[in-house]
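All remarks here apply to the structure that follows.
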Amino acid sequence: MEFITLNNGIEMPILGYGTFLSNGDECEQSVCKAIQAGYRLIDTAEAYGNEVQVGKGIRLSGIDRKELFIVTKVNFKSYENTRETVLNSLKNLNTDYLDLVLLHWPFGNYYQAWRELEQLYKEKKIRAIGVSNFDPDRLVDLIHFNEVVPAINQIETNVFCQRQAEHEWLEKYHVKHMAYAPLGQGQQNEMFSNAVIVELAEKYQKTPAQIMLRFLTQQDIIAIPKSTNGLRIQENIDVFDFTLSNEEQNVLRGLDQKKAMIGTPENPDFVESAMKW
Ligand code: NDP
């Protein structure tokens, strides 16, 4: 595993395990499998409704809590009650601290939510705080009018949606880039059969998914692929024994379609549909 240092000096694994759409026993078992396969970063969210199962999977793994990096997110509908929501996540996950808590979307009263997160951070209930789905304008605004600079912005990022311009803004403000949907949410996506990716996979004796994940981690982007399949859980963490050349990375950069699959906050349709979640 490789690590990245956040703007408050905390170290975080650069590759983690995602749990969106993973529920019940399957979630518990696959979190346990992931930890036993070597993952130490686990990403969940209040909105996924699986914090309890994630917590059970963690305990089942038998790995010491201190070795893990647990991330959860506050749903925008809870921004008026952020403190209570985080305290509830602690209970759900059966832990007395969280490594990272993110504001899930820049909707509603995220200023109040941020200030409550700052307070919880000062009380050491959370080791680092950050945001998700924040476009650069909202992020820069939040930074300028608050005390703590977010450690992370978790945004959709993969070879077809690389967020190169956003990455530059994040670097400028010392906010680390965390990629969700790093595999474009799975095989239905043409990424897996893309000729450039398949050719690199053959060259390095790796799979297309491993090429996509290595491409992100080599750029200091934290990736959190999700799988409930034991073999793919192992496959997705086995990415640190090869290095893409600069030239190969440039070719992969050329695949960027600059189009997010999951709605972005500046899209009014998306904001409207989110209100119905
Ligand atoms: P991913 O890009 O991680 O893709 C997951 C899909 O890819 C699953 O269908 C999985 O199927 C399949 N898959 C996984 N590994 C492989 C592989 N090696 N080869 C082929 N197919 C594979 O999408 P997610 O949306 O799950 O994103 C990752 C995580 O990011 C989430 O789980 C969640 O934690 C976070 N997230 C955050 C969001 C936010 O708003 N902040 C939004 C969305 C996600 P299978 O299980 O069968 O292997």
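Mind counting the residues in the range 202-212 that are part of a helix (DSSP H, G or I) and within 11 Å of the ligand (Cβ to nearest atom)? Steps first, please.
Step one: of the range 202-212, the residues part of a helix (DSSP H, G or I) are 202-204, 208-212.
After this cut, where a residue has to be within 11 Å of the ligand (Cβ to nearest atom) as well, the list is 208-212.
Total meeting the criteria: 5.
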Members of the range 30-50 that are open to solvent by 10 Å² or more (accessible area, probe 1.4 Å), over 15 Å from the mean Cα position of the chain (by Cα) and more than 15 Å from ARG65 (Cα to Cα): LYS33, ALA37, GLY49
Any strands (runs of 3 or more DSSP E) falling wholly within the range 76-187 and containing at least 3 residues that are without any contact (Cβ under 8 Å) to a residue 40 or more places away in the chain and within 16 Å of the ligand (Cβ to nearest atom): 98-103
Number of the condition not met by GLU272 [criteria: (1) open to solvent by 90 Å² or more (accessible area, probe 1.4 Å); (2) within 15 Å of the ligand (Cβ to nearest atom)]: (2)
Residue that is surrounded by the most Cβ atoms within 10 Å (Cβ to Cβ) [pool: residues in the range 213-237 that are over 15 Å from the mean Cα position of the chain (by Cα) and near the ligand (Cβ under 10 Å from one of its atoms)]: ILE233
Flag for GLU156 being closer than 21 Å to LEU252 by Cα and open to solvent by 40 Å² or more (accessible area, probe 1.4 Å): no
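May I ask you to verify whether LYS73 is open to solvent by 50 Å² or more (accessible area, probe 1.4 Å) and not β-branched (Val, Ile, Thr)? Break it down into steps so the answer makes sense when it comes.
Numbers: open to solvent by 50 Å² or more (accessible area, probe 1.4 Å): no; not β-branched (Val, Ile, Thr): yes.
In short, no.
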Extreme residue, nearest to the ligand (Cβ to nearest atom), among residues of the range 30-45 that are more than 17 Å from MET178 (Cβ to Cβ) and free of Cβ contacts under 8 Å to residues at least 60 places away in the same chain: VAL31
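So in the range 229-277, with the set limited to residues that are of a type in the set (Lys, Arg) and without any contact (Cβ under 8 Å) to a residue 40 or more places away in the chain, which one is nearest to SER78 (Cα to Cα)? Walk me through it before giving the result.
Residues of the range 229-277 that are of a type in the set (Lys, Arg), as a first pass: 232, 253, 258-259, 276.
Checking which are without any contact (Cβ under 8 Å) to a residue 40 or more places away in the chain leaves us with 232, 276.
Values: ARG232: 34, LYS276: 14 Å.
Checking each candidate, the answer is LYS276.
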Those residues of the range 117-153 which are surrounded by 24 or more Cβ atoms within 10 Å (Cβ to Cβ) and of a type outside the set (A, V, I, L, M, F, W, C), in sequence order: GLY130, ASN133, PRO150, ASN153
Matching residues, the range 1-23, being open to solvent by 30 Å² or more (accessible area, probe 1.4 Å) and either within 15 Å of the ligand (Cβ to nearest atom) or hydroxyl-bearing (Ser, Thr, Tyr) (or both): THR5, PHE20, LEU21, ASN23
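The values are calculated or read from the model by the stated rules, or taken from the named source; none is laboratory data. Everything quoted here is computed from the prediction, not taken from an experiment. No Cβ is skipped: glycine too gets one built from the backbone with ideal geometry, and neighbour counts run over all protein chains shown. Accessible surface is based on the protein model in full, side chains and every heavy atom, while ligands, DNA and RNA are left aside. Shrake-Rupley method; radii C 1.70, N 1.55, O 1.52, S 1.80 Å.
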